[in-house]
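Comments concern the structure below.
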Amino acid sequence: MLLTLNKVLSADDIAQLRRIIAAGQAADGRLSAGMAAAKVKKNEEMQFSDDQRMQINRLLMTRLGANPNFRNATFPLRVADPIIARYVPGMAYGEHIDDPIMGSGQKFRTDVSMTIFLNDPDDYEGGDLVVETPFGQQKVKLPAGDAVIYPSGSLHQVAEVTGGERLVAVAWIQSMIRDPQRRQILYELNQAREKLLVISPGNSETRHVDHAYINLVRMWAEV
């Protein structure tokens, strides 16, 4: 499931992040890539002091934790520290799938990939995130503060930036629901469940849907 999350970050959040990013140092993005990805990756990743990194992580994790769509769609067990990636003209990230296991200390499985856009589409030309889905290629280029999530096993790429600067935060999530189809079923069922709990809270059908959702989570979750 490819899902966009609107207004994960506010304008004030973006401004705060941009001030921290401006104080960071750019490094070759290939340094963090796996063997295959390094051959097609051409971008920069921002390096920060421990204090700057902590500020970025705290802000992003707080906003994601408060976002119900993020929680309901990903069932997060572990969320990697975000990477701030920068693309300027001539940079791109060719077709790849994300490494299945990440982490330099505690390892985690990558089930869901996430991109949070830190500047607006008008700020740069090209630079679309292109994800292969069962319905064909999906191109994603969202307003600042919006995010997109998709299964980490999906083939995807970042098209070449031909003008301006593309700035994003990227992260990976280990989900309590490993299978992407099961995550989608639970997300869609929960949308119906939450609506029924509002409009028909005492209805027997509402209770059945509520109990089915809860027990499917119990059946499929890995913690």
Self-check item: Positions within region 57-112 being without any contact (Cβ under 8 Å) to a residue 40 or more places away in the chain, of a type in the set (A, V, I, L, M, F, W, C) and surrounded by 15 or more Cβ atoms within 10 Å (Cβ to Cβ), in sequence order
Solution: Met61
Quiz item: closer than 30 Å to Thr162 by Cβ, of a type outside the set (Ser, Thr, Tyr) and touching a His at 6+ places or on another chain (Cβ under 8 Å): does that describe Val112?
Solution: no
Quiz prompt | Those residues of region 7-35 which are within 21 Å of the chain's Cα centre (by Cα) and closer than 26 Å to Asp99 by Cα, in sequence order | solution = Val8, Ile21, Gly29, Arg30, Leu31, Ser32, Ala33, Gly34
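So that you can scan it fast, the table gives a plain yes or no per residue for (1) over 30 Å from Ile185 (Cβ atoms); (2) touching a Phe, Trp or Tyr at 6+ places or on another chain (Cβ under 8 Å):
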| position | (1), (2) |
| --- | --- |
| Lys41 | yes, yes |
| Glu44 | yes, yes |
| Phe48 | yes, no |
| Leu60 | no, no |
| Thr74 | no, no |
| Asp81 | no, no |
| Val88 | yes, no |
| Ala92 | yes, no |
Practice problem: Could you tell me which residue of region 134-170 is farthest from the chain's Cα centre (by Cα), considering only residues that are over 25 Å from Ala22 (Cβ atoms) and of a type in the set (A, V, I, L, M)? | Solution: Ala159
Quiz item: If you take the residues of region 113-124 that are touching a residue at least 24 places away in the same chain (Cβ under 8 Å) and touching a Pro at 6+ places or on another chain (Cβ under 8 Å), which of them is surrounded by the fewest Cβ atoms within 10 Å (Cβ to Cβ)?
Solution: Asp120
Quiz item: Residues Ser152, Ser175: which one is hydroxyl-bearing (Ser, Thr, Tyr), within 21 Å of Glu45 (Cα to Cα) and crowded, with 16+ Cβ neighbours inside 10 Å?
Solution: Ser152
Exercise. Kindly indicate which of Gly136, Gly126 is among the small types (Gly, Ala, Ser) and touching a Ser or Thr at 6+ places or on another chain (Cβ under 8 Å).
Key: Gly126
Exercise. Check Pro143 against each of (1) assigned to a strand (DSSP E or B); (2) touching a Phe, Trp or Tyr at 6+ places or on another chain (Cβ under 8 Å); (3) surrounded by fewer than 16 Cβ atoms within 10 Å (Cβ to Cβ) and name the one condition it does not meet.
Key: (1)
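The numbers here are math on the coordinates, done by the rules we state, and not lab data. All values derive from a computational prediction rather than experimental measurement. Every residue, glycine as well, gets a Cβ built from its backbone with ideal geometry; the counts of neighbours run over all protein chains shown.
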